[in-house]
Amino acid sequence: MGIFSRMKDLFLSRVNSPQDEHPVRVLNAFIESYSEKLRELTVTVNKSESEWLLLKGKLKTYRVSLSMHRDKAELAAKEGDADMARHWLTLAHSQEAYSEKLEPEVDKLERATEQLKDTLAQLENKLQTAKDMRQQFILRTEAAHSQLKMNTALNESFSASAMERLKEETFLAED
């Protein structure tokens, strides 16, 4: 909301503001600053999402490995090889421990990534609002300049015709 209050203050106190705080310049500075922040946040979001996907992939690998180890332990138990079944169950247990340890980290990173994405979307909206405001201000300024030129031209036209009438009245008065 800082941009809106800033713009309101600029428009309301334009008389008291120095010339270097022209609203278009302020908007341009804001847009440039937020564009840089947007680029930085985009990189951060991409890194976070990449880390999350990597951890999610590891978690899936641990779960698949866990399932495979249990299947092999079951097969060894059916074959009557207790040592091999114990070996596969031990590996399955270690995969399960890794999986349980990694799952909260994956969830936490997913939530953090979603928060970063929300922040990025909000920043993009603010930036677009500032760009729209700048465009509206430029259009209003151009319209005001056109109106001033038209008024000046009309005043000059009225002044010229008034001068012509004055000259005619002077000429007629001299006769």
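Residues of segment 122-146 being over 19 Å from His22 (Cβ atoms) and acidic (Asp, Glu), which ones?
Listed by number, the list holds a single entry, Glu124.
What residue, of Arg86, Arg70, Arg134, is in a helix (DSSP H, G or I), at pLDDT below 90 and over 19 Å from Asn46 (Cβ atoms)? Break it down into steps so the answer makes sense when it comes.
Values: Arg86 fails: at pLDDT below 90; Arg70 fails: at pLDDT below 90.
The conditions single out Arg134.
If you go through segment 104-114, how many residues are open to solvent by 70 Å² or more (accessible area, probe 1.4 Å), under 28 Å from Ser67 (Cβ atoms) and without any contact (Cβ under 8 Å) to a residue 24 or more places away in the chain?
Final tally of qualifying residues: 3.
Restricting to segment 14-53, name every residue that is among the β-branched types (Val, Ile, Thr) and either open to solvent by less than 60 Å² (accessible area, probe 1.4 Å) or modelled with pLDDT of 90 or more (or both).
Val24, Val26, Ile31, Thr42, Val43, Thr44, Val45
Please go through segment 129-144 and give me each residue that is of a type in the set (Val, Ile, Thr) and either more than 23 Å from the chain's Cα centre (by Cα) or open to solvent by 70 Å² or more (accessible area, probe 1.4 Å) (or both), ordered by number. Please lay out each step first, then the result.
Applying the first criterion (of a type in the set (Val, Ile, Thr)) to segment 129-144 yields 129, 138, 141.
Answer for segment 129-144, where residues must be of a type in the set (Val, Ile, Thr) and either more than 23 Å from the chain's Cα centre (by Cα) or open to solvent by 70 Å² or more (accessible area, probe 1.4 Å) (or both): just Thr141.
Mind checking which residues of segment 59-98 are open to solvent by 70 Å² or more (accessible area, probe 1.4 Å) and within 50 Å of the chain's Cα centre (by Cα)?
Step one: filter segment 59-98 for residues open to solvent by 70 Å² or more (accessible area, probe 1.4 Å), giving 60-61, 63-64, 68, 70-72, 74-75, 78-79, 83-84, 86-87, 89-90, 93, 98.
Answer for segment 59-98, where residues must be open to solvent by 70 Å² or more (accessible area, probe 1.4 Å) and within 50 Å of the chain's Cα centre (by Cα): Lys60, Thr61, Arg63, Val64, Met68, Arg70, Asp71, Leu89, Thr90, His93, Tyr98.
Among the listed residues Lys56, Lys126, Lys101, Lys117, which satisfies the condition of being loosely packed, with under 13 Cβ neighbours inside 10 Å and either part of a helix (DSSP H, G or I) or within 24 Å of the chain's Cα centre (by Cα) (or both)? So that I can check it myself, show each step before the final result.
Values: Lys56 fails: loosely packed, with under 13 Cβ neighbours inside 10 Å; Lys126 fails: loosely packed, with under 13 Cβ neighbours inside 10 Å; Lys117 fails: loosely packed, with under 13 Cβ neighbours inside 10 Å.
Selected residue: Lys101, the only one of Lys56, Lys126, Lys101, Lys117 that is loosely packed, with under 13 Cβ neighbours inside 10 Å and either part of a helix (DSSP H, G or I) or within 24 Å of the chain's Cα centre (by Cα) (or both).
The values are calculated or read from the model by the stated rules, or taken from the named source; none is laboratory data. Quick caveat, the model's predicted, so the values are computed rather than measured. Glycine also receives a Cβ, built like all others from the backbone with ideal geometry; neighbour counts cover every protein chain displayed. Protein only, heavy atoms only, side chains kept; ligands, DNA and RNA dropped before computing areas. Shrake-Rupley method; radii C 1.70, N 1.55, O 1.52, S 1.80 Å.
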